[in-house]
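Beneath this line is the structure, given in structure tokens, with notes to follow.
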Amino acid sequence: MGGLAAAGKLVGGEALETERVRPATVRTAADGTPVVTDGPAHAGEETLGGWFVIEVADREEAVEVARSLPTPETVEIRPVLESA
């Protein structure tokens, strides 16, 4: 992450607690009432360990940045929704 920060591309991010506290998921049922379940929204072997926001020109640059990260983990790329 230091290289991204030095290049002025790192906007922000945080590691998430993944060891001691399980996530909770809140969904709205068909009748409009909130339903709380213990655990992630999508169960599976992978867990979301953190997030960061980078400033890049386009998707291709985001992919190149992700490819260069020194992590054995999966990196998912999503654009930030631009406000109108």
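Quick rundown of the values:
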{"read-out": "Hz values of 3J(HN,Hα) by residue in region 10-23 - Karplus curve (6.51, -1.76, 1.60), Gly and Pro given as x", "value": "7, 8, x, x, 8, 7, 9, 5, 10, 9, 9, 10, 6, x"}
{"read-out": "Cα-based shape type of the chain, given that a ≥ b ≥ c are square roots of the gyration tensor eigenvalues and the cut on a/c is 1.5", "value": "prolate"}
{"read-out": "Where GluC sites (Glu not before Pro) fall in DSSP loop in region 1-45, at most 15 other Cβ within 10 Å", "value": "Glu17, Glu19, Glu45"}
{"read-out": "Within the accessible area of the chain (1.4 Å probe), percent carbon and sulfur", "value": "54 percent"}
{"read-out": "In sequence order, calculated HN-Hα J values of region 62-73 (Karplus, 6.51, -1.76, 1.60; Hz; x Gly/Pro)", "value": "4, 5, 4, 4, 4, 5, 8, 5, x, 10, x, 8"}
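The values are calculated or read from the model by the stated rules, or taken from the named source; none is laboratory data. Note that this is a predicted model, so its numbers are computed, not measured. All Cβ positions, even for glycine, are placed from backbone atoms using ideal geometry, and neighbour counts span all protein chains on display. Just the protein is used for accessible areas: all its heavy atoms, side chains included, with ligands, DNA and RNA removed. Shrake-Rupley method; radii C 1.70, N 1.55, O 1.52, S 1.80 Å.
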